[in-house]
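This report concerns only the one structure given below.
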Ligand code: AP5
Ligand code: MG
């Protein structure tokens with residue numbers, strides 16, 4: 001399907017998990033700003049070294065830097081975009097791009113903490129699991145590519161709380177902005193995965 005979808009939501013609300021599903025189902029690429037930065041950090045590039053400091057603290061990278069990192073991705077024809085934009089200035093800069101759907105995954109803070117602490121990601125960074133909610137078939141091994149599962153360094157209660165604060169201060173104004181313009185659709189992210197997928201897919205199929 002030829003489509004541009006933007007996913008918004010608090011930390012660990014399930015954006016990456018939903019994006020992976022939609023990317024396969026709709027056959028469009030998934031671009032995660034966080035994953036792009038983690039890949040750069042793993043390679044110790046100049047951008048990665050800078051990003052690593054922000055990733056560890058849960059703070060956001062400066063808007064102008066983030067816009068230049070994401071520009072080549074947002075200019076592509078079709079994708080699921082996860083994690084960008086997440087501030088009002090970032091959103092306003094993207095205004096000339098038409099998104100077929102802007103989806104907000106609603107998840108309460110308490111659930112965020114539980115998801116962060118149980119999350120495991122594959123060493124290649126693409127596939128996400130949860131020890132209780134979405135375990136791999138073989139303990140510690142990614143179902144898809146057989147790589148080792150790791151815990152993200154920043155997946156601690158303290159960093160999750162810091163990310164929630166940043167979300168309230170910098171991302172909620174962007175959400176209000178989209179809401180006022182009537183372009184935002186909400187999905188209850190606090191339900192079983194299959195139901196989140198089903199609700200999101202319904203919104204995509206029935207978009208006007
Ligand atoms: P980023 O990687 O985008 O972090 P985030 O927004 O905090 O989101 P996460 O990736 O932590 O969670 P998610 O919503 O993808 O959830 P997931 O699917 O993994 O950004 C990281 C950092 O990069 C930022 O802090 C910042 O420093 C920087 N950055 C990135 N973008 C930026 C930008 N635009 N501007 C400036 N800086 C930026 O799921 C979480 C867990 O829950 C998993 O274990 C999963 O298995 C489980 N789960 C998912 N769905 C369900 C469900 N329905 N039921 C039960 N469990 C579920
Ligand atoms: Mg993610």
Next item on the list: Report yes if some residue within the range 50-71 is within 17 Å of the chain's Cα centre (by Cα) and closer than 25 Å to residue 202 by Cβ; otherwise report no.
Entry: no
Check: Which of the residues belonging to the range 172-198 are farther than 17 Å from residue 115 by Cβ and in contact with a strand residue (DSSP E or B) (Cβ under 7 Å, 6 or more places away or on another chain)?
Finding: 175, 178, 183, 184, 185, 186
Margin query: Can you tell me which condition residue 136 does not meet? The list is (1) assigned to a helix (DSSP H, G or I); (2) out of contact with any helix residue (DSSP H, G or I) (no Cβ under 7 Å at 6 or more places or on another chain); (3) under 19 Å from residue 14 (Cβ atoms), and all the others hold.
Written below: (1)
Next item on the list: Scan the range 192-201 and give yes if some residue there is surrounded by fewer than 14 Cβ atoms within 10 Å (Cβ to Cβ) and not in a helix (DSSP H, G or I), otherwise no.
Entry: yes
Margin query: I'd like the residue in the range 34-54 that is under 24 Å from residue 94 (Cα atoms) and touching a helix residue (DSSP H, G or I) at 6+ places or on another chain (Cβ under 6 Å) and, out of all such residues, is nearest to ligand 2 (Cβ to nearest atom).
Written below: 37
Notebook entry, point to check: What's the number of the condition residue 19 fails, among (1) part of a helix (DSSP H, G or I); (2) away from ligand 2 (no atom under 11 Å from the Cβ); (3) crowded, with 18+ Cβ neighbours inside 10 Å?
Noted result: (2)
Next item on the list: Go over the candidates 59, 24 one by one and state the one that is part of a helix (DSSP H, G or I) and either farther than 21 Å from residue 156 by Cβ or within 12 Å of ligand 1 (Cβ to nearest atom) (or both).
Entry: 24
Notebook entry, point to check: Of the residues that make up the range 27-34, is at least one buried (at least 20 other Cβ atoms within 10 Å of the Cβ) and part of a helix (DSSP H, G or I)?
Noted result: yes
Notebook entry, point to check: Do we have any residue at all in the range 193-203 that's over 19 Å from the mean Cα position of the chain (by Cα) and within 25 Å of residue 98 (Cβ to Cβ)?
Noted result: yes
Margin query: Cβ-Cβ distance below 7 Å, separation of 6 or more or different chains: which pairs start in the range 69-86 with a residue that is under 20 Å from residue 170 (Cβ atoms) and end on one that is away from ligand 2 (no atom under 15 Å from the Cβ) and assigned to a strand (DSSP E or B)?
Written below: none
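Given 100, 143, which one is more than 16 Å from ligand 2 (Cβ to nearest atom) and farther than 19 Å from residue 7 by Cβ? Reasoning before the result, please.
Numbers: 100 fails: farther than 19 Å from residue 7 by Cβ.
Step by step, each of 100, 143 is checked, and only 143 is more than 16 Å from ligand 2 (Cβ to nearest atom) and farther than 19 Å from residue 7 by Cβ.
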Checklist line | Search result, residues across the range 62-92 that are within 11 Å of ligand 1 (Cβ to nearest atom), in a loop (DSSP other than H, G, I, E, B) and loosely packed, with under 14 Cβ neighbours inside 10 Å | finding: 62
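Only the coordinates and a few stated rules stand behind these numbers; no lab work does. Computed from a predicted structure; not experimentally measured. Cβ: placed from backbone, ideal geometry, glycine included. Neighbour counts: every protein chain shown.
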